[in-house]
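Reviewing the structure listed below.
The values are calculated or read from the model by the stated rules, or taken from the named source; none is laboratory data. Nothing here was measured: the structure is a model prediction, and the numbers come from that model. Cβ: placed from backbone, ideal geometry, glycine included. Neighbour counts: every protein chain shown. In case anyone asks, the SASA skips ligands and DNA or RNA and just uses the protein heavy atoms, side chains included. Shrake-Rupley method; radii C 1.70, N 1.55, O 1.52, S 1.80 Å.
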Amino acid sequence: MTSPIRVLFSLIAATAMVVGLSAGSTAAAPGAVSTTDESSITNLGEPVRKAQTLSSAIGETPDGTPLGYYVVSGNPNTNAEFTVMNLRTNENVLQTRVPYGNSSQRTLGKSPVDGTIYFATSDVSHLYRYQPGDTEIEHLGPAPEGQRVWSVAVGPDETVWFGTYPGGRLYSLDPDSGDITDHGQALEGEQYIGSIFPDGDTVYVGTQPNARLAEYDRNSGDFTEIALPEDHSGDKITALDLRDDLLFVSTTDMHVMDVTTGEWVDRLSGANARVSPISPTDPDAVYLRLNGEVTRYDLSTGELTGTGKSPNATPESWGWVDLDGTGPWLALTYWRQGRTYAWNLETGEGSYQVPDLMGAGAPLISLGAGPLGNIYAGAFLSPPGMGKYDPDGEGFELLNGTSQVEGFGTFGDDLVFGRYPQGYLYRYDPSQPWDYRTNPPSPLRIGDDQNRTKAFVELDAVPGTVAIASVPTTGQHGGAITHWQPDEGTHQVYRDVVENQSPVSLVQHDGLLFGGTSIEGGYGVDPVTDEAVLFAWDPVSTETLWSEVPVPGASTVSGLAMDDDGHLWGIADSRTVFEFDLEAKETIRTIDIDPDAGIDRYGDDNRLLFDEGRLFGSAASQLFVLDQITGEVTTLYGGDDGPRVQELARDRYGDLYIIGSSTRLLRYTMPDDTTAPEVSAEPASSKSRGAAVLWLRADDDTDDDPAIHYRVDGGDWTEYDGSRPVVVKRGETLEYRAIDDAWNSSQVQTYSQSS
């Protein structure tokens, strides 16, 4: 229907020329935010649930009852879980949610004196204690402000030691008084203490991101670095285990040092981290998992002897317990589902148990739309796999085996995606059933120290090739663009396309790739550049053609998308949208979504998406639609103090999907209307001394009251209220358009008054 449109910017009365805004009109300021109701949002649930026990241990009660201890990760909506299982009866003797914190990064230590358990959460770091036989855990309080607990160990004097990130500091906790002492940063430049072993007056610590070893002298308060073997490689020391006079140092390989001489006496390639306590019946024997097999290591001779036991599990902890009264069993725990294995090495009998854990929804970190229009969700440290949502199906399908997926794309009719931390590349045919290692087949590894894939683009200029943007491993700068040929199984890696920055977003236009960067490298290293950039990459010559700073001072540039006019849009620092002219290589304008929003490290969960000429986005923890004409931002979901919103994808029906509250997939049902209104300028009957006097009118099949915006001579866009006509003076140019309630906008029309 046709109607004169509501309040905007009015210049005049019908018979007199007026300059500026009339009292009853409002200007549409760029970045002005309006909100809509949430009736279009559907909470589809949690695509991936998991029971992840990075912190676990084997122990027993004072009367010898064998116990398994499991700290199970939660999520931002669900606190971490602590469960104790009786290994003889398979029954839980304690199961509770901790009062603070939802994740644990291998932060459990067991007292060698009485078996008391100490553990910490790592996101919101708090310390806890559990004494075997108790019916509850004891909350000891928060960790030092600004530090996250990354490792815990208990000494023979029952002092509790813990290491932190990002300070790389060593602390001790007095178990009687609860006092915490800060012993300082272990080694300059090291942000993590990931492993600790206390031994009398000496405390050994292992660091990240440069895998350095140090000993702390409790008498002098000094740290002394211990040089690792020349053939050492790796970026972190995962575990330290002192057995008699031998210190087992787990990095890429396991290195063995005689602490009495300081000499490195052995190297075990193919060994998983951690060795068992010394056998209670064989004082020369410890055990480790070597090339998949539980293997005896002789502390006197270094001789290795296989046991024939090959569990499909890397040990999170080892222990000796009596499961059935027949003597000691060697037991280990595994981080997935708390799986617990044990063997009586004398009789050959084995045991396999899975504790009854509550688990929690896995935090989602990536979304992608497949070639058939299904939605895929990757989850944080998620061995169960990734989630698939078919908009015509019933609920989620778990696609197992993929672990943590970061980044999705398409290659012809196939889905391509990447896996952290190995930097694996997968190709999956969604028209066929999922069969891990068959469909998708075994992955290709990027290598070149790349481990986080952030963006995938099938190249027009290089047929058969997918371009991938990636972030390097811990402690390194030098992200890359990789050219991958899935049909041939080949790839080429081009590092430092922008020196010392990481490409995190890609879009192609006219045969070129355009990318946005983060100044961050892998975790554990500080930025060495100041501002993120846009860059142009020629995929044929494999050269960076230029780079420009689109928003001064921004540390991330992501969410890139091209409009129909060939302008590039992006998101800076997770909170500012910008429009960039590729020909002029300059930013046309910036629009704040929320200037106070936090900045994501890589910005890769910020997205822009064009749909039927409309621009939708996810940034500053909100789903929004941005009016490309006026710069007005309408929040569709989230924002302010609402649930966290991240990522953005579109299904085959055009509906939008976001991650909400970290673990949930949300669908925003789009309006059916994709037709823009028609707008016209009709002369008024009155005259005004050479000026044009115009009524603005709009017509729309669905919206009976579409809005009209207009401006004169490039001034501010203003909403027209229809109460008075617009006067256009001689030499002035009027621009106007209409937009309906489904955000469909007409083309901008112009009227010039020349006489």
On the formula 1/(1 + (r/R0)^6), with r taken between the Cβ atoms of Thr438 and Asp356 and R0 of 30 Å, the FRET efficiency rounded to 0.05 is 0.40
Cross-link reach from Lys236 to aspartates and glutamates, straight Cα distance under 17 Å and at least 8 residues apart if same chain, gives Glu188, Glu190, Glu215, Glu225, Asp253, Glu316, Asp449, Asp526
Pseudo-spin-label distance Arg97 to Thr675, built 7 Å along Cα→Cβ, given in nm, is 5.0 nm
With +1 on the Cβ of every Lys and Arg and -1 on the Cβ of every Asp and Glu, the dipole magnitude of region 128-176 about its Cα centre, in debye rounded to the nearest 20, is 360 debye
Full extension between Asp174 and Asp298 adds, at 0.36 nm per residue less the Cα distance, a length in nm of 41.1 nm
Everything considered on the Cα gyration tensor (a ≥ b ≥ c; rounded for a/c under 1.5, else prolate if a/b is larger than b/c, else oblate), region 645-755 must be described as prolate
Here the averaged projected area of region 348-439, based on the convex hull of its alpha-carbon atoms and given in nm², is 8.2 nm²
The orientation-averaged projected area of the Cα convex hull of region 64-182, in nm², is 7.2 nm²
When the charge dipole of the chain is computed with +1 at the Cβ of Lys and Arg and -1 at the Cβ of Asp and Glu, the Cα pointing farthest to the positive end, of Pro112, Pro371, Pro463, is that of Pro371
The extension gain from Asp201 to Asp496, computed as 0.36 nm times the residue separation minus the Cα-Cα distance, is 101.7 nm
Taking a probe of 1.4 Å and leaving out DNA, RNA and ligands, the chain shows per residue an accessible area in Å² of 39 Å²
Among the Cα-Cα pairs of region 99-252, the proportion with separation greater than 21 Å, in percent, is 40 percent
Here the Kirkwood hydrodynamic radius of region 468-547, Cα-based and in Å, equals 12.8 Å
Between Asp266 and Thr281, the two model label points (7 Å from Cα along the beta-carbon direction) sit apart by a distance in nm of 2.1 nm
Working note, region 292-387: Cα radius of gyration (Å, one decimal) and Dmax (Å, whole number) are 19.1, 62
Expressed in angstrom and ordered largest first, the alpha-carbon extents of region 35-82 along the principal axes are 62, 17, 15
Per the charge dipole of region 697-755 (beta-carbon charges, Lys/Arg positive, Asp/Glu negative, Cα centre), the residue among Gly714, Gly731, Ser745 reaching farthest to the positive end is Gly731
Quick numbers on region 491-641, Rg and Dmax over C-alpha atoms in Å, give 15.0, 47
Cross-link reach from Lys729 to lysines, straight Cα distance under 28 Å and at least 8 residues apart if same chain, gives Lys687
Long-range alpha-carbon pairs in region 605-683, meaning those over 22 Å apart, account in percent for 28 percent
Farthest towards the positive end of the dipole of the chain, among Val321, Gly141, Val286 and with Cβ unit charges of +1 on Lys and Arg and -1 on Asp and Glu, lies the Cα of Gly141
For region 362-470, the dipole about the Cα centre with charges only on Cβ (Lys and Arg +1, Asp and Glu -1), to the nearest 20 debye, works out at 420 debye
Scattering profile of region 117-183 from the Debye formula, Cα beads only, expressed as log10 I(q)/I(0) at q = 0.15 Å⁻¹, is -0.43
Quarter of the surface of the C-alpha convex hull for region 382-534, i.e. direction-averaged projected area in nm², equals 9.7 nm²
Read-out percent of Cα pairs over 35 Å apart, candidates (i) 47; (ii) 63; (iii) 54; calculated match is (iii)
Here Rg/Rh (Cα, Kirkwood) for region 55-94 equals 1.07
Counting only protein heavy atoms with a 1.4 Å probe and every protein chain in place, the carbon and sulfur fraction of the accessible surface of the chain in whole percent equals 42 percent
Quick calc, region 456-599, dipole around Cα centre from Cβ unit charges on Lys, Arg (+) and Asp, Glu (-), nearest 20 debye, gives 420 debye
Taking a straight Cα-to-Cα line shorter than 16 Å from Lys50, and setting aside same-chain lysines fewer than 8 residues away, one finds Lys388
Taking r as the C-beta separation of Glu612 and Asp510 and R0 as 22 Å, the FRET efficiency to the nearest 0.05 is 0.45
Given 20 °C, 1.002 mPa s and a Kirkwood radius over Cα pairs, the Stokes-Einstein diffusion coefficient of region 29-125 in µm²/s is 134 µm²/s
